[in-house]
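Worksheet: one structure, shown below.
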Amino acid sequence: MTAPLTADAHEYGLVGDGTADDRPALQKLVDVLGDATAEDGRPRTVRVPAGRYVIRDRPVRWRSGVSLVGAGRGATCFALANPGAPAQPVPLAWFTTAQHGAGREHHIADVTFAHFEIDGLGVATEDYEVLAKGLGLQYVLRGRFSDLYIHDTAATGFGCDFLQDTVVEGVLAERCGRQDPGEKMGGAGIGIGVGGWGPVERLAVTDCTARGNGTNGIFLELQQEKWVPPRGIRLTACHTEDNRYGISDWGADGLLVTGCTMLGNHVAGFDVSAQGTTSVGGRGGLVTGCVIDGNAGDGIALGNTPGPYGFHGNRVSNNGRYGYWEHNLSGGDQEPATDIVLESNDIHDNALDGIRFDAPLHEPAIFGNRIRGNGRRAAPPGRGGGEGVRCGPLSLTDERADWPPGGHRGKELTVGGPGGSVDGSADVTGEVTAVVIDNTATRLTLAPVRPGAGTAWPDGIPAPGTAYRLPDSPAPRAGLTAAAAVTHPYVHGNRVRDDGHPRTQIHAVWIADAATWTGGRVSGNDFSGNGSASTRFDSAPSGGRWRDNAG
């Protein structure tokens, strides 16, 4: 009998009762349809009615031309589990270079995965296993991944590489990377390896959400150092929140990131660096019209790139350290980044400097930005305990405090330690730390102990009255700080000031002692209205033109 173009999963032995192992029946069906497609060239579709389908101990080896379509998120759910094979990663579907010889000439083509949920909570490998994903396909041609909900996987949720002429849309990835301590490979909500198809990979990622994942919300990563970083990849209207990093470019060329939100991530909202497996940073990218707000570390962290890179029309605000931080990690590209452009961004209320250069730059262009009210981490050191001090899952309240709002943003709070509490009422001898996201006069809001967690405390909420302390704030804090070699900069038409009370942005521009500022043009800027002098030159600029700058 000829295999149908559309097959009902129930008619081919899948049960969907949440107990029976549906993997053997699904593998048999995929093979039947895959063989038929290989014979006549007509792609097939598996329709999966509502139910909970258990995929136990082994993944399904996927076949070209076979699509999987459910009845919707929450209706059709694939529950992954490995009780009988604790060393075996169990993605729902896999097809990889290492296991199956995937490549440009041996790929998956004309497939759709749509309208279902993947629950990875039942998979726990003995050691962290990067392949313990929700979906793990490599070398996909003309694919579409749509309306998927992937959550609680041990490693990356959507972990598919080398996607050509492919669309990833409406994917929600939550609490993935469950077994990743935060610094292993993978462990992301949406992780896409790039470079396998050559210098152009035509991929669109749109309307996706990644929240509470162990490493990145969404990342692109060059998979082999010798490969050319590919062009052609677009991220549009995506949301990343409470991940270690929001969106990361670890090896693309000309990545377009448009209309995305990167909120409350633990290290940085947007990251370009050498953290990928090949230590190759992205280059040539454009980030436009994004909101990068309230991240516990930096808003934008960029380094290990030869450039160029452009940031246009973004809001970069309320982050726990720098709004924009140029820095290089060891092991990656250390040459000066050329043609970095910051244009028409609103960079405000970040904890330390609005823009800081700790790595060399050549020909940067900084124009038309509003850089205002930064340096919010201005509160003096503090300590307390005893009556009026209490902790919640993500907070510490001291009713007797009178902190400047936002003044402890980004600080490391220490709670407990020898002596327990000030009045001896709490029996706490261990010392724990948490990062302050923000504060009012009496309440500190704290970051979760790790992405996806509901508490800031690794060993339970400290007892009432427990002693705490907060460190001092660094100074000076400027709108723009250079602490590295900057050659031929163009700085024009920026408004760098602080209208707050008190003013916490001490200087508009600070050239630190470690910096050199050579040539270029600084003109037509408004540097007035900061906490102290408009400029501070611990290292005097050399050559170039400074003129027509107010203040």
Test for residue 257: is it in a strand (DSSP E or B) and more than 30 Å from residue 226 (Cα to Cα):
no
Can you tell me which of (1) modelled with pLDDT under 95; (2) outside any loop (DSSP other than H, G, I, E, B) is the one residue 2 doesn't meet?
(2)
Mind checking whether some residue in the range 161-180 is in a loop (DSSP other than H, G, I, E, B), at pLDDT 95 or above and farther than 21 Å from residue 243 by Cα?
yes
Just wondering, is there one or more residues in the range 73-88 that are surrounded by fewer than 22 Cβ atoms within 10 Å (Cβ to Cβ) and hydroxyl-bearing (Ser, Thr, Tyr)?
no
Only one of (1) open to solvent by 40 Å² or more (accessible area, probe 1.4 Å); (2) of a type in the set (A, V, I, L, M, F, W, C); (3) farther than 22 Å from residue 401 by Cβ fails for residue 517. Which number is that?
(1)
Whether any residue in the range 129-142 is part of a strand (DSSP E or B), within 15 Å of residue 94 (Cα to Cα) and among the acidic types (Asp, Glu) is what I want to check.
no
Under the condition of being among the aromatic types (Phe, Trp, Tyr) and crowded, with 24+ Cβ neighbours inside 10 Å, which residue from the range 205-255 is nearest to residue 155 (Cα to Cα)?
219
Can you tell me which residues in the range 57-70 are of a type outside the set (Gly, Ala, Ser) and touching a residue at least 40 places away in the same chain (Cβ under 8 Å)?
59, 62, 63, 66, 68, 69
Note on the range 256-278: residues in contact with a Phe, Trp or Tyr (Cβ under 9 Å, 6 or more places away or on another chain), open to solvent by 20 Å² or more (accessible area, probe 1.4 Å) and either over 29 Å from residue 453 (Cα atoms) or polar (S, T, N, Q) (or both) are 275, 277
Can you tell me which residues in the range 279-300 are part of a strand (DSSP E or B), open to solvent by less than 10 Å² (accessible area, probe 1.4 Å) and out of contact with any Lys or Arg (no Cβ under 9 Å at 6 or more places or on another chain)?
285, 287, 300
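The values are calculated or read from the model by the stated rules, or taken from the named source; none is laboratory data. What you see is a predicted model; the values in this text were computed from it and never measured. Please note: Cβ atoms are built from the backbone with ideal geometry, for glycine as well, and neighbour counts cover all protein chains shown. To get the accessible areas, we keep the full protein, side chains included, count just its heavy atoms, and leave off ligands, DNA and RNA. Shrake-Rupley method; radii C 1.70, N 1.55, O 1.52, S 1.80 Å.
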